[in-house]
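I have placed the structure first, in the form of structure tokens, so that the comments after it can refer back to it.
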């Protein structure tokens, strides 16, 4: 808990990139973490292409039941990889299932090409503006060149 704010980091990660960022954020904030698990196999080329099709059509998926109620937290920081310029279907599903249960939110994403309107869609699901936004290219995370951006993001959302 930083500055008396009880925080939760919620994320989905297909390849582990978004997970690295989520772990860095939660480490700095010393807060709880909830990983969203998709029940579909997203491995390999077929998993990648089906994920893109699903994201483009804005479909929901089936996720494992989450363990933590976001309503119990002052701030929920939600992270997603970007699939076909939009949020991943597991995070879309999580947001849909928890609509109205967020007091304050902040968003982060990892991407290759474009994060386009992902944050606007996340804000629409949550029904409130985010306290902060963090976009990181996958290559930055792979090279370990993201800790400064993560620290700035955490400072923004924990003020």
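The values are calculated or read from the model by the stated rules, or taken from the named source; none is laboratory data. Because the structure is a prediction, the values reported are computed rather than measured. FYI the Cβ positions are ideal-geometry reconstructions off the backbone, even for glycines, and counts take in every protein chain you see.
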Residue in the stretch 22-47 that is farthest from residue 122 (Cα to Cα), counting only those that are without any contact (Cβ under 8 Å) to a residue 12 or more places away in the chain and surrounded by 11 or more Cβ atoms within 10 Å (Cβ to Cβ) | 27
What do you reckon, is residue 58 closer than 17 Å to residue 9 by Cβ, in contact (Cβ under 8 Å) with a residue 24 or more places away in the chain, exposed (fewer than 13 other Cβ atoms within 10 Å of the Cβ) and in contact with a strand residue (DSSP E or B) (Cβ under 9 Å, 6 or more places away or on another chain)?
-> no
Positions within the stretch 126-156 being outside any loop (DSSP other than H, G, I, E, B), closer than 16 Å to residue 75 by Cβ and touching a helix residue (DSSP H, G or I) at 6+ places or on another chain (Cβ under 6 Å), in sequence order = 133, 134, 150, 154
When the stretch 39-80 is checked residue by residue, the ones that are modelled with pLDDT of 95 or more and under 23 Å from residue 116 (Cβ atoms) are 76, 77, 78, 79, 80
Taking the stretch 126-159 only, how many residues are out of contact with any strand residue (DSSP E or B) (no Cβ under 6 Å at 6 or more places or on another chain), crowded, with 21+ Cβ neighbours inside 10 Å and more than 13 Å from residue 24 (Cα to Cα)?
-> 0
Residues of the stretch 83-119 that turn out to be assigned to a loop (DSSP other than H, G, I, E, B) and either over 14 Å from the mean Cα position of the chain (by Cα) or without any contact (Cβ under 8 Å) to a residue 60 or more places away in the chain (or both), as a count | 15
